[in-house]
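Input: a single structure, listed below in structure tokens.
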Amino acid sequence: MIKLLIADNHPIIRKGLEHLFSASTDIKIVGSVDDGDSILNFIKKNDVDIILTETDFPKLNGLTVLRYLKKDYPDIKTIIFSGQPEEVYGINAIKAGASGFISKSVNIITINEAILKVSKGGIYLSDALTQQLAFGAKSNKSGSFYKKLSTRESEVLKLLTIGRKNKEISKELNINEKTVSTYKARLMRKLKVNNLVDLVNQAKLSAEL
């Protein structure tokens, strides 16, 4: 029986997944939490095989949680379950330590398949993104741009786009404020903008293309 922890800041999504898996003979939901801090607190006290988690949390974003898990809990596998575009964040999630990325638009069968595949040591991405990676197919503009970013740059950009200040980013990512400023400058160069407002707006526009 696969022990699954669900992490999402929307109660209706957590309850819906709990209901969908209640009759499963392969997967048992052992917990349900609503932010990154709660994930870490839960796994300190409970056995978990796989975490199905969102990335956009008010406390400790999902990509940062992946870093902690990779370092301190390497046996626990993580699947990102997100409304963000897979072509934008999927690869960076895998780079950060996730074992899969699922869009919130998929059906329960796909979620179940992803969990079973990851439990056996596999990596789960959609067929479309897998083919792009395997055959080098041209991705859209946003996918091409985000592939050029390091995982840390993606983390900083994500936090900037949701309104985090340098000091808050520094604390959340456990880096100093000068380093945050360095990443911000790199992102501005790559997005060819000169200020924070344009950086955030351009990042959001790229994600929508």
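Would you check if VAL200 is modelled with pLDDT of 80 or more and buried (at least 17 other Cβ atoms within 10 Å of the Cβ)? For VAL200, the condition - modelled with pLDDT of 80 or more and buried (at least 17 other Cβ atoms within 10 Å of the Cβ) - is not met.
Just to be sure, is VAL106 farther than 28 Å from GLU172 by Cα, among the β-branched types (Val, Ile, Thr) and either part of a loop (DSSP other than H, G, I, E, B) or open to solvent by less than 10 Å² (accessible area, probe 1.4 Å) (or both)? So VAL106 passes the test. Out of ILE79, ILE91, ILE29, I need the residue that is hydrophobic (A, V, I, L, M, F, W, C), over 23 Å from SER170 (Cβ atoms), in a strand (DSSP E or B) and within 16 Å of the chain's Cα centre (by Cα). Which one? Only one candidate passes the filter, namely ILE79. The residues listed here are GLU172, GLU168; of these, the one that is within 25 Å of LYS70 (Cα to Cα), open to solvent by less than 70 Å² (accessible area, probe 1.4 Å) and in contact with a Leu (Cβ under 8 Å, 6 or more places away or on another chain) is GLU172. For ASN46, the conditions (1) touching a residue at least 60 places away in the same chain (Cβ under 8 Å); (2) within 22 Å of LYS120 (Cα to Cα); (3) not acidic (Asp, Glu) are fulfilled apart from (1). Scanning the stretch 45-63 for residues being at pLDDT below 95 and open to solvent by 30 Å² or more (accessible area, probe 1.4 Å) gives a total of 3. Within the stretch 109-129, residues that are open to solvent by 30 Å² or more (accessible area, probe 1.4 Å) sit with their Cβ atoms under 7 Å from residues that are modelled with pLDDT under 90, at 6+ positions apart or across chains, in these pairs: ILE123/ILE94; SER126/GLU86. Sub-6 Å Cβ pairs linking a first residue in the stretch 180-203 that is over 17 Å from LYS167 (Cβ atoms) to a second residue that is open to solvent by 60 Å² or more (accessible area, probe 1.4 Å) and at pLDDT below 80, at least 6 apart or interchain, are LEU191/GLN202; VAL193/GLN202, ordered by first then second residue.
The values are calculated or read from the model by the stated rules, or taken from the named source; none is laboratory data. Remember, it's a predicted structure, so these values are computed and weren't measured experimentally. With ideal geometry, Cβ positions are generated from the backbone for all residues, glycine too; neighbour counts draw on all protein chains shown. Accessible surface is based on the protein model in full, side chains and every heavy atom, while ligands, DNA and RNA are left aside. Shrake-Rupley method; radii C 1.70, N 1.55, O 1.52, S 1.80 Å.
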